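What follows is a short report on a single structure.
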Amino acid sequence: MRILLVEDDSLVSDAITRGLVTSGYVVDAVADAEAVSGRLADTHYDLAIVDLGLPGEDGLSLVRRLRRSGNPLPLLIVTARDGLDDRINALDLGADDYLVKPFALPELAARCRALIRRATAAAANEIAIGGLRIDLAGRRALNTTGDVLELTRREWSILECLAHHSGKVVSKERLTQAITGWSEDISGNAIEVHVSRLRSKLGNAATVRGIRGLGYRLEDA
Amino acid sequence: MPERKRPISIHRRLLRYMLAPLLLLLVAGVAVDHSMIVSPIHSAFDRALSRAALAIVARIHRGPDGQLAMSSPEHPPPAPRPFANAEPLPPPPKSMHGEGPSPTLRGMGGDVFFYRVSLPDGRSLAGTPELPLAPPDDKAADGFSFADITFQGEVMRLASYRTVEDGEAVIVTVAETPARRDRAVHRMDVSFGLNDTVQMAAVLIIALIGIRISLRPLQRLSRQIANRPAQALTPLSTDEVPSEVRPVVESLNTLLGTVRNSVLSQQHFMANAAHQLRTPLTGLKAQLEVLGRETAGSPLEERIALLHGGVDRLAHTANQLLTLARAEPSAHRASHYTSIELPHLIGEVIESSLDRALAHGIDLGADCQHVQVTGVYWLLHELLINLIDNAIRHTPAGGHVTVRCGANDGQAFLEVDDSGTGIPAGERARVRERFYRGAGSTDDGCGLGLSIVDEVARVHGAQLSILDGSTGQGTRMRIDFPASS
């Protein structure tokens, strides 16, 4: 997995490079936006980490330029600006995620992992969480040992919905909408029953955590 | 206690300054009206009195004894009626010369009426002989003269008519009490007074309406100002502002412009400061993390961990200071205020704090009712993060933290309830102070969290209360938003 890092501060750039290399990535660091096009032309990258406050052409403009040219490269923005306007701006322009400085390296590594996994999963039409592999096209889930889980239609719908928002809390209402047709009516208790059955079927591959008052989150076991 | 001064009201002042002159004018008007009607009424009644005298003269004739006498006084002459043209002739009076007590005749409407027919030598032919005569008036060519007298204890109006009847001079004198003319004057006074009062009232009402209409641009202006968000710094519109108020609006706009510029430069400064602080901190933090991994197991590891902890605290403090500085009310433009669904905000903040809570072994959950507030999203986000952060920090493993929102009498509230160690009542006021850290705090907090919460609440016109936890232990931090903000 190859990551392009666009960061002008050498202290930060060096630390991120070292940190990500330790996590098993190949990292190419450049100090300004002008150098990006050349790199992208002759190398395939799985992800770019872009600092917003670059000298010369700034990060937002780089994001805009890449997306206008149709480049689908996953983009993770890091910035010292924490204003909501900047965040919305960056995401609107086509960035995939946003991290505010100062951050911890494990957090950065986790975001990178999630973005790359999302991109490859979208290509393979497959989502992996922990030891669980969810084959969206085949509508089946495989556990750590590669066995296909026996799920009811509703359990599958719940898992699919949770997997699409993996790492995020999904509300009961959303799950209800995911498993019911137009005419069916289902209570919150019924959701709980389906979730607890799903949980036992997932075994140690992954787990569904209930968040009091909010909903459920699919997590690594 | 200092007395609160009542604000000056243009409306009230105009009214006060108009009311006194108008009342004076009313009194003067009634007085003028009175003086103008008194003399016409008096002359009308005098003319009526004259007609009564003439009617008596018509009944004087020379008797069989060659003496002048009055015919049949059985019916007295009619009481004089002013403003009556065709006066019906009373039946011929019988001679009453020397008969009975002097007749006191009842006139109309309670007036007492006397008459006397006398000769120039003072002999009375008929009527009340005691009735005095009005002194002759040389200016009057018609032989009438008038006088005001007091007769038998009553004020009376007297008219004497000197004429020649059958070649002999006679004086016919009539007198009446002035009750009817006084009543007439009184009636006229009342009706003029009423008329004047109604006119004044009408003037006053018209003036009030006029004042209200001319003050309307001012009210529009104050509405325009009132309806703006408190933080709006855009200039006020000078359209439709009356020329008298324009200088005020223009000064206000100049002031707003100055404030706007200083806010913008402050925001610019904060953005630069944030960047200049955060970037090297990120570098330091990341470098130390890498170094920590590389030196794992060596004697340096512990010292690097200490350094890392120090940089983390520094980063946290820098972040909190930046947040606090940016939470200053002057830093927010109206466009930053949006309608915020509290459950949505809570979901987002809990999601970002969930891993931290789970790492501390704390059950973090929510209990939300649908409710909206108007506010600055990222500020409320910071507020809630700080409240949850505090709660997690002060709650031992196995405890719970619950975020609630809802509405009480149309007032939205937001609550973070924990089962932690709680804050002693004596310390509750102090924990909002900047950099204050409770006696038992041993963690990496910088003492700015609740200052940020307090400041953000203040910016939103909301109130932070520190209460006991709902389970009887721990703390419940409650934010009450203003009604329908």
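No value in this document is a laboratory result; all are computed from the given coordinates. What you are looking at is a predicted structure, and each value in this text was computed from that prediction instead of being measured. Please note: Cβ atoms are built from the backbone with ideal geometry, for glycine as well, and neighbour counts cover all protein chains shown.
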### Query
Given a cut-off of under 8 Å on Cα pairs at least six residues apart, what relative contact order in percent is computed for the range A:126-220?
33
### Message
Compute, for the protein assembly as shown, the length of the dipole vector about the Cα centre, with Cβ point charges of +1 (Lys, Arg) and -1 (Asp, Glu) only. Units Debye, rounded to 20.
### Response
420
### Query
What is the extension gain from B:Ile10 to B:Ala140, computed as 0.36 nm multiplied by their sequence separation minus the C-alpha to C-alpha distance, in nm to one decimal?
40.7 nm
### Task
Treating cross-link reach as a plain straight distance, find the aspartates and glutamates whose alpha-carbon is under 17 Å from the alpha-carbon of A:Lys101, omitting any fewer than eight places away in the same chain.
A:Glu7, A:Asp8, A:Asp9, A:Asp14, A:Asp51, A:Asp58, A:Asp82, A:Asp85, A:Asp86, B:Glu289, B:Asp312, B:Glu382
### Summary
Given Cβ charges of +1 for Lys and Arg and -1 for Asp and Glu, the option among A:Val21, A:Asn125, A:Ala110 whose Cα lies farthest towards the positive end of the dipole of chain A is A:Asn125
### Message
If I model a spin label as a point 7 Å beyond the Cα along the Cα-Cβ vector, how far apart are those points for B:Phe151 and B:Ser237 in nm?
### Response
8.2
#### Entry: Rg over Rh [alpha-carbon atoms, Kirkwood Rh] for chain B
1.54
#### Entry: For the protein assembly as shown, share of DSSP beta bridges that run antiparallel, in % to the nearest 5
75
### Net charge over other residues, Cβ less than 13 angstrom from the Cβ of B:Gln369 (K, R count +1; D, E count -1)
-2
### Query
Could you give the nm distance between label points at B:Asp65 and A:Ala35, where each point is 7 Å from its Cα heading toward the beta carbon?
15.6
### Query
What FRET efficiency comes out for the pair B:Ala273/A:Thr152, r = Cβ-Cβ distance, R0 = 56 Å, nearest 0.05?
0.50
### Shape category assigned to the range B:312-374 from the gyration tensor of Cα positions, a/c cut at 1.5
oblate
## Note on the structure
Zone reached by a paramagnetic label modelled 7 Å from B:Leu218 Cα along Cα→Cβ, restricted to the range B:238-271 with backbone N below 20 Å, covers B:238-253
### Summary
Nearest-0.05 FRET efficiency for A:Arg68 and B:Asp468 at R0 = 41 Å, using Cβ-Cβ distance, is 0.10
### Task
Taking the Cβ of each residue in B:Glu176, A:Glu173, A:Glu126, B:Glu341 as the centre, tally the other Cβ atoms inside 10 Å and list the residues starting with the fewest.
A:Glu173, B:Glu341, A:Glu126, B:Glu176
### Summary
When the charge dipole of the protein assembly as shown is computed with +1 at the Cβ of Lys and Arg and -1 at the Cβ of Asp and Glu, the Cα pointing farthest to the positive end, of B:Val164, B:Ile8, B:Val38, is that of B:Val164
### Query
Rounded to the nearest 0.05, what FRET efficiency do A:Lys201 and B:Arg293 have when you use their Cβ-Cβ distance and R0 = 30 Å?
0.20
